[in-house]
Amino acid sequence: MRVGTADVDAVIFDFDGTLADSMWVWDDVDRRFLAKRNIPFTAEYGEMVAVLGFELGAQFSIEHFHLDETPEDIIAEWQQNAEEGYATQVMLKPGAKEFLKRCKSEALPIAIATSLQRYLLEPALKNNGIFGMFDTICICDELQCGGKSNPAVYEEAARRLGVSPQRCAIFEDVVTPAKSAKQTGAYVVGVYDEHKQQATEELRAVVDLFIEDFFELLSQ
């Protein structure tokens with residue numbers, strides 16, 4: 001299948017901010033978490049914990065803000081605040097479902113590689129009618145791979161799909177994961193997201209192709 005200027009044998013998708021319009025959930029979670037502790041919210045903090053995932057993000061928060069709390073308690077608070085949004089309110093990006101259907105129609109193996117925990121991801125996939133479409137789902141915390149600051153989650157997704165990373169297209173919306181994806185030799189597609197965590201111009205400079213929405217690929 002052709003994606004942009006590349007012929008690929010598999011596609012790996014991030015979920016938050018890439019397939020789904022969901023970053024607002026984490027903005028809300030982060031703001032509520034910090035406000036409860038009288039700490040001002042910054043976009044830099046939001047991007048850091050998004051990249052690190054739950055366990056490393058909680059540990060970072062404790063160390064950075066000198067919190068007398070356990071990672072388990074912080075994760076439980078984040079989870080509780082995020083559950084309803086993912087299960088009922090998170091919707092797919094324009095053209096995303098149609099593009100997934102095209103991949104399936106061409107028998108292209110597809111995967112999700114995400115920092116999002118499974119208990120949040122799966123209800124969102126089911127609510128959007130795409131739960132059974134993916135050949136594998138790789139979760140950073142389950143792999144204990146250190147989040148997306150390194151390429152391990154993408155390499156594992158490619159391995160499970162039986163395809164070399166160099167023959168994959170990887171879709172991301174944030175600069176740090178996109179840089180990690182590039183390290184695998186994959187063709188990396190940046191997806192526009194209106195959330196302020198996206199450094200859009202920097203992302204454009206990192207990726208091989210930048211799209212405003214998935215309809216652009218459907219018109220190829």
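The values are calculated or read from the model by the stated rules, or taken from the named source; none is laboratory data. Here the structure is a predicted model, which is why all the values come from computation and not from measurement. Cβ coordinates were reconstructed from backbone atoms using ideal geometry, including for glycine residues, and neighbour counts include every protein chain displayed.
Tabulated results
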{"quantity": "Subset of the range 62-89 [in contact (Cβ under 8 Å) with a residue 24 or more places away in the chain, within 16 Å of Leu34 (Cβ to Cβ) and not aromatic (Phe, Trp, Tyr)]", "calculated": "Leu67, Ile74, Glu77, Asn81, Ala82"}
{"quantity": "Some residue of the range 94-110 being basic (Lys, Arg) and either within 23 Å of Ala152 (Cα to Cα) or surrounded by 19 or more Cβ atoms within 10 Å (Cβ to Cβ) (or both)", "calculated": "no"}
{"quantity": "Total residues in the range 194-220, condition in contact with a helix residue (DSSP H, G or I) (Cβ under 6 Å, 6 or more places away or on another chain) and either more than 15 Å from Leu19 (Cβ to Cβ) or of a type in the set (D, E, K, R) (or both)", "calculated": "8"}
{"quantity": "Residue check, Thr136 among the polar types (S, T, N, Q) and under 29 Å from Pro165 (Cβ atoms)", "calculated": "yes"}
{"quantity": "Candidates Val175, Val189, Val153 - the one that is modelled with pLDDT under 95 and within 13 Å of the chain's Cα centre (by Cα)", "calculated": "Val175"}
{"quantity": "Residue tally, condition buried (at least 18 other Cβ atoms within 10 Å of the Cβ) and in contact (Cβ under 8 Å) with a residue 24 or more places away in the chain, over the range 175-207", "calculated": "20"}
{"quantity": "Checking Val11 against (1) outside the structural domain of Pro177 (by TED's automatic domain parsing); (2) modelled with pLDDT of 95 or more; (3) β-branched (Val, Ile, Thr); (4) outside any loop (DSSP other than H, G, I, E, B), the condition it does not meet", "calculated": "(1)"}
{"quantity": "Residues within the range 161-220 that are on the phi > 0 side of the Ramachandran plot and among the β-branched types (Val, Ile, Thr), tallied", "calculated": "0"}
